[in-house]
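Participant: Here's a structure for you.
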Amino acid sequence: MNLALFGGSFDPPHLGHDSIVKASLGGLDIDKLIIMPTFISPFKSDFSAPPALRLKWTRALWQGLERAEISDFEISQNRPVPTIETARYLTARYEISKFYLIIGADHLASLDKWHEISRLKELVTFVVAERNHIKIPSELAKIDIHVDVSSSQIRRLQTPNEIPAAIRDEVIKFYKG
């Protein structure tokens, strides 16, 4: 099985995430795309929307897509989960021939800080979504989309039109507090 993992805080999910999901399903040679919200990133100290709500939003957007699966693995751990742990979990659960890990270009600068990054690089092929005009090294695969929106902008309600329509009202209401 060719599998791709797209994880993130999704705090909240936005049209950039939606573009990455759809481009991955349409452009990568995969049998399954696992979309996995984090409980909390190992690099962050808190989140805005609680994990259950972010999982709900993620399911509302992508649960019905063919070949897509929403996983609550990291949220169910109730703690920060390093990507290598998630990769091992998926490797044990599925018979994977090719394992893609989809990340935003904004994560490239901190990859060397990821837990067991050398081992992770042995398990997965990184696929990078362009973001904020960050240069992607030529040896890395990339998704041909460009994302200039961030969840932090949406939390400040600076770019509400970047929230997918299916969850827009609920997301705006939540962040208006």
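The values are calculated or read from the model by the stated rules, or taken from the named source; none is laboratory data. Only a predicted model underlies this, so the values are computations on that prediction, with no experimental measurement involved. Methodologically, a virtual Cβ is constructed for each residue, glycine included, from the backbone with ideal geometry; neighbour enumeration extends over all protein chains shown. The protein model used for the area step is the full one, side chains on, heavy atoms only, and it has no ligands, DNA or RNA in it. Shrake-Rupley method; radii C 1.70, N 1.55, O 1.52, S 1.80 Å.
Participant: Exactly one of (1) open to solvent by less than 40 Å² (accessible area, probe 1.4 Å); (2) within 18 Å of the chain's Cα centre (by Cα); (3) not aliphatic (A, V, I, L, M) is unmet by E162. Its number?
Facilitator: (1)
Participant: Identify all residues within the stretch 40-77 that are of a type in the set (S, T, Y) and at pLDDT below 95; write none if there are none.
Facilitator: Matches in the stretch 40-77: S41, S45, S48.
Participant: Residues to consider are D112, D144, D106; find the one that is within 15 Å of the chain's Cα centre (by Cα) and open to solvent by 50 Å² or more (accessible area, probe 1.4 Å).
Facilitator: Selected residue: D106, the only one of D112, D144, D106 that is within 15 Å of the chain's Cα centre (by Cα) and open to solvent by 50 Å² or more (accessible area, probe 1.4 Å).
Participant: Can you pull out the residues in the stretch 1-29 that are buried (at least 18 other Cβ atoms within 10 Å of the Cβ) and in a loop (DSSP other than H, G, I, E, B)?
Facilitator: S9, F10, D11, P12, P13, H14, L28
Residue by residue, here is whether (1) out of contact with any Pro (no Cβ under 9 Å at 6 or more places or on another chain); (2) part of a helix (DSSP H, G or I); (3) polar (S, T, N, Q) holds:
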site	(1), (2), (3)
L53	no, yes, no
K56	yes, yes, no
R59	yes, yes, no
E74	no, yes, no
V81	no, no, no
E95	yes, no, no
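Let's see how each residue does on (1) within 15 Å of G16 (Cα to Cα); (2) of a type in the set (A, V, I, L, M); (3) in contact with a Ser or Thr (Cβ under 7 Å, 6 or more places away or on another chain):
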| site | (1), (2), (3) |
| --- | --- |
| I103 | yes, yes, no |
| W114 | no, no, yes |
| V124 | no, yes, no |
| A129 | yes, yes, no |
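Participant: Take the stretch 46-75 and flag every residue that is open to solvent by 70 Å² or more (accessible area, probe 1.4 Å) and either out of contact with any helix residue (DSSP H, G or I) (no Cβ under 9 Å at 6 or more places or on another chain) or under 24 Å from S110 (Cα atoms) (or both).
Facilitator: Once the filter is applied, which keeps residues that are open to solvent by 70 Å² or more (accessible area, probe 1.4 Å) and either out of contact with any helix residue (DSSP H, G or I) (no Cβ under 9 Å at 6 or more places or on another chain) or under 24 Å from S110 (Cα atoms) (or both), the stretch 46-75 yields D46, F47, R59, Q63, G64.
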